[in-house]
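Shown next, in structure tokens, is the structure this report addresses.
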Amino acid sequence: MSSIDLNAPSSGELLDSAPPVKDGSKGERNIKRVRKGGYGAREGKGTLYSGEMTEPIRQPPKTRYEMRRNALNIDRETWRSHILDVKNLFLPYRTRWLDDGGLPNRGQKKMQYVVDNCPMIALRTMSAGLMAGMTSPSRPWFRLRPDDESLMEQPGVAEWCEKVTDAIHRILQKSNFYRAVPKFYEEIGGFGTAAIGIYEIEQDIRKRKPLINCKTYTWGEYWIAQDDEERVDTFVRRYKWTVRQIVEKFVEDPGDPNDPTWGNLIPSTVGLWHARKWDTWIDVIHFIEPNDVWERGALGTRGMQSRSVYYELGGDPDVLLGIEGFHEQPVFVARWDTNSDDVYGHSPAMYCLGDAKQLMTQQRRKMQAIDKQVDPPLIGDASLKRQTVSQLPGDITWLEVTAATTYGLKPLYEVKPDISGMLADLEETRKRIRAGMYEDVFQMMRSLEDTLKSGITATEINARKQEQLLELGPLLDRLNGEAFGPMIERVFNIAARSRSSRIAPVPHPNALSRMKSYSRSASNAQRHRRARRRPSRRRTPCRLPPPLRSPSRIPRSAAVTRSSSSSPAAERCSERRGRRTRRTQAPR
């Protein structure tokens, strides 16, 4: 991580040595040189500057982004100890940069804090239940409708919405969406905050690729900030990429050493590439923030609502890896529950953290009690100190005659733990954890096992199901508003902009009605084809036989003349009449 001098002059300080800014940013528009006697100039005693003044100082882009990331990190660090406790007991193999240095592909053991896996199983059940209840791939779980409900009454609008809904479902099924969403549920259930990104895949006419790629981010590798409406609009991520991945993404022609895009990389990365150390890990920062110079309909990044900035840690502060843009916010962050203006959310695992710690302590104490009962500490005669005493089953310890008369070894104290009481206490703690993780909601039939034996009606089961689902009402509304609603809208916009678009533009309502009638006629045609396979007494249409003579041999009286004012349809009818005339006048 590069060091940032926090004691350096800020952007609000006035220095007369600021270089000119020509990057098109707000800093360029804010920098003004004030002439003597103009606005902001002072004369007389106490004047700090005479002549030309400059405000404010320009900061290099990398320094500006790093200072903002450090400010966001101050708030996030207050959650570190809480998140690590949840991670150790509920999701041992999640989070990044909190205790592992951010290095991927590391297989160290991380289950040393888990003695009872009940919290992990409860979180897994909740994730599977949310997946099956909200975003099940086996059934349609959303439906597109226009904002104006009166449009649904127009002819053809409902049919078009159904076609678009089916197209979005097919796009999600062909992508990795349903493989990324379960991790999203685990993150929000464990840490209270979950982030998932949806990115457009560049299409190739030679290969059939999915239209989108989904990626779930884990807690600790990103920082977030929200706008005045408490919507997350800034997403900062720190991750590690290999040298090969950086060169393939940010260098247009890696085989050309004179490619100007090589200058966007720091010299150490370029040296590693030339040394063929392509799998060395490099720290990369990715900033996604609102585009403050966005203009509707503009070309390039100026026409993108979100700005995407990549840079490496260290190196020249004026050099960035790349600047891109997105038409919509690509990363969607959802929180389970928030407190007033908090950016990060709370989770059910945090509420059950005390019970989870108690469960681990109870399990350790129970195992210690059983261990002392089975293998207690011993007391023996002093004469046995010089004698080898074996405690192995079936082994023999040889003693002298005088030593044989002693009492040998015996337990120092007897431990008689109440194992049944311990087991009951453990089960009570497990029930509190399962209830806190909504396991009784997602596995209602298992919780009603004893009641089912005594008899229960289907109406009562449905009533209990509806009552339990009320507990998840606030969560479902929050997930739809912060994640799935904007997510489906982004997928729709990506499909509409794609060259190989899976979604047709909105046709005219009359055209939609014609499409509907055409589908009916197609079904009628299929019925007619099936009927033709069966014997029928219906008469087939007659076809006129071909003419017996060529047109040059036809008598003048039977020739068909084309009128200059006749239409093509009339000419064809006249030609058919001529053929009938020639047929009747032909010699037998």
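Looking at TRP160, is it surrounded by 13 or more Cβ atoms within 10 Å (Cβ to Cβ) and more than 22 Å from ASP477 (Cβ to Cβ)? Steps first, answer last, please.
Details: surrounded by 13 or more Cβ atoms within 10 Å (Cβ to Cβ): yes; more than 22 Å from ASP477 (Cβ to Cβ): yes.
Spelling it out, TRP160 is indeed surrounded by 13 or more Cβ atoms within 10 Å (Cβ to Cβ) and more than 22 Å from ASP477 (Cβ to Cβ).
Could you list, in sequence order, all residues of the range 121-147 that are surrounded by fewer than 19 Cβ atoms within 10 Å (Cβ to Cβ) and either in contact with a strand residue (DSSP E or B) (Cβ under 7 Å, 6 or more places away or on another chain) or of a type in the set (A, V, I, L, M, F, W, C) (or both)?
ILE121, ALA128, MET131, ALA132, MET134, TRP141, PHE142, LEU144
From ARG106, ARG170, ARG139, ARG124, which residue is on the phi < 0 side of the Ramachandran plot, in contact (Cβ under 8 Å) with a residue 24 or more places away in the chain, out of contact with any helix residue (DSSP H, G or I) (no Cβ under 9 Å at 6 or more places or on another chain) and not assigned by TED's automatic domain parsing to the domain that holds LYS357? Before the answer, list the steps.
Values: ARG106 fails: in contact (Cβ under 8 Å) with a residue 24 or more places away in the chain; ARG139 fails: in contact (Cβ under 8 Å) with a residue 24 or more places away in the chain; ARG124 fails: out of contact with any helix residue (DSSP H, G or I) (no Cβ under 9 Å at 6 or more places or on another chain).
From the options ARG106, ARG170, ARG139, ARG124, the qualifying one is ARG170.
So, in the range 85-132, how many residues would count as being part of a loop (DSSP other than H, G, I, E, B) and within 30 Å of GLY473 (Cβ to Cβ)? Even if it seems obvious, please write down each step before you answer.
Restricting attention to the range 85-132, the residues satisfying the condition of being part of a loop (DSSP other than H, G, I, E, B) are 90-117.
Now narrow it down to the ones that are within 30 Å of GLY473 (Cβ to Cβ): 90-91, 94-95, 117.
Total meeting the criteria: 5.
Can you spot a residue in the range 361-379 that is buried (at least 19 other Cβ atoms within 10 Å of the Cβ) and of a type in the set (Ser, Thr, Tyr)?
Checking the range 361-379: not a single residue is buried (at least 19 other Cβ atoms within 10 Å of the Cβ) and of a type in the set (Ser, Thr, Tyr).
Give the residues of the range 288-304 that are assigned to a loop (DSSP other than H, G, I, E, B) and touching a strand residue (DSSP E or B) at 6+ places or on another chain (Cβ under 7 Å), sorted by residue number. Please lay out each step first, then the result.
First, the residues of the range 288-304 that are assigned to a loop (DSSP other than H, G, I, E, B): 291-299, 304.
ASN291, MET304, listed by residue number.
Condition first: in contact with a Lys or Arg (Cβ under 9 Å, 6 or more places away or on another chain) and over 19 Å from ALA349 (Cβ atoms). Now tell me which residues in the range 103-141 satisfy that.
LEU103, PRO104
Which ones in the range 307-324 are touching a helix residue (DSSP H, G or I) at 6+ places or on another chain (Cβ under 6 Å), in a strand (DSSP E or B) and over 17 Å from ASN291 (Cα atoms)?
TYR311
Do the conditions hold for ASP279, that is, is it surrounded by fewer than 18 Cβ atoms within 10 Å (Cβ to Cβ), at pLDDT 90 or above and on the phi < 0 side of the Ramachandran plot? Walk me through how you get there before you give the answer.
Details: surrounded by fewer than 18 Cβ atoms within 10 Å (Cβ to Cβ): yes; at pLDDT 90 or above: yes; on the phi < 0 side of the Ramachandran plot: yes.
The answer is yes for ASP279.
Taking the condition surrounded by 17 or more Cβ atoms within 10 Å (Cβ to Cβ), out of contact with any helix residue (DSSP H, G or I) (no Cβ under 9 Å at 6 or more places or on another chain), in the same structural domain as LYS249 (by TED's automatic domain parsing) and under 21 Å from GLN245 (Cα atoms), does ILE288 pass?
Working: surrounded by 17 or more Cβ atoms within 10 Å (Cβ to Cβ): yes; out of contact with any helix residue (DSSP H, G or I) (no Cβ under 9 Å at 6 or more places or on another chain): yes; in the same structural domain as LYS249 (by TED's automatic domain parsing): yes; under 21 Å from GLN245 (Cα atoms): yes.
In short, yes.
Is the range 317-338 home to any residue that is buried (at least 20 other Cβ atoms within 10 Å of the Cβ), within 23 Å of TRP219 (Cα to Cα) and hydroxyl-bearing (Ser, Thr, Tyr)?
no
Name every residue in the range 70-92 that is closer than 18 Å to GLN226 by Cβ and crowded, with 16+ Cβ neighbours inside 10 Å, in order of residue number.
Of everything in the range 70-92, those that are closer than 18 Å to GLN226 by Cβ and crowded, with 16+ Cβ neighbours inside 10 Å turn out to be LEU72, ARG76, TRP79.
The values are calculated or read from the model by the stated rules, or taken from the named source; none is laboratory data. Quantities reported herein were computed from a predicted structural model and do not represent experimental measurements. Neighbour counts run over all protein chains shown; Cβ positions are idealised from the backbone, glycine included.
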